[in-house]
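Visitor: Structure below; questions to follow.
The values are calculated or read from the model by the stated rules, or taken from the named source; none is laboratory data. If you're wondering where the values come from, they're calculated on a predicted model, not measured in any experiment. Note that each Cβ is placed from the backbone with ideal geometry, even for glycine, and that neighbours are counted across all protein chains shown.
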Amino acid sequence: MHTKSAKKRHRQSLERRAKNRAVKSAIKTQVRKVRQAVAAGDTATAEKELRLAAKKLDRAGAKRSIHPNAAARTKSRLAHLIRAAKLSGGAKSSVGSKIAVAAK
């Protein structure tokens, strides 16, 4: 890097990368908590964790850490997973497992 502006851009990109990685990691952890709660048949906990996941996803989408459509899609899939688990009485449904596989 030869210019001051190039050094600054590089510094900014490293800061952004660190922030984005932290945000994405937090989202993945929260989504995993929702999926684990559904797998355990605990829909009440899953719904509580979904609210936290939705908040993190919305914030990340608004700040463009992830694409807003990706945030909406993930929220929709998690909500669908919980709804399917509720309808099947906590057991894993075929719809829920298809969504879990598609999300991996």
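Visitor: Scan region 27-53 for residues that are within 27 Å of R64 (Cβ to Cβ) and surrounded by 16 or more Cβ atoms within 10 Å (Cβ to Cβ) and jot them down.
Guide: Residues satisfying the conditions are I27, Q30, V31, K33, V34, R35, E49, L50, A53.
Visitor: Quick one: in region 71-101, which of the residues that are modelled with pLDDT of 85 or more and small (G, A, S) is nearest to S25 (Cα to Cα)?
Guide: Step one: list which residues in region 71-101 are modelled with pLDDT of 85 or more, which gives 71-88.
Of the ones still in play, those that are also small (G, A, S) are 71-72, 76, 79, 84-85, 88.
On the way: A71: 14, A72: 17, S76: 19, A79: 20, A84: 26, A85: 26, S88: 31 Å.
Here the answer is A71.
Visitor: I would also like to ask the following. Taking the condition surrounded by fewer than 18 Cβ atoms within 10 Å (Cβ to Cβ) and of a type in the set (A, V, I, L, M, F, W, C), does V23 pass?
Guide: Working: surrounded by fewer than 18 Cβ atoms within 10 Å (Cβ to Cβ): yes; of a type in the set (A, V, I, L, M, F, W, C): yes.
In short, yes.
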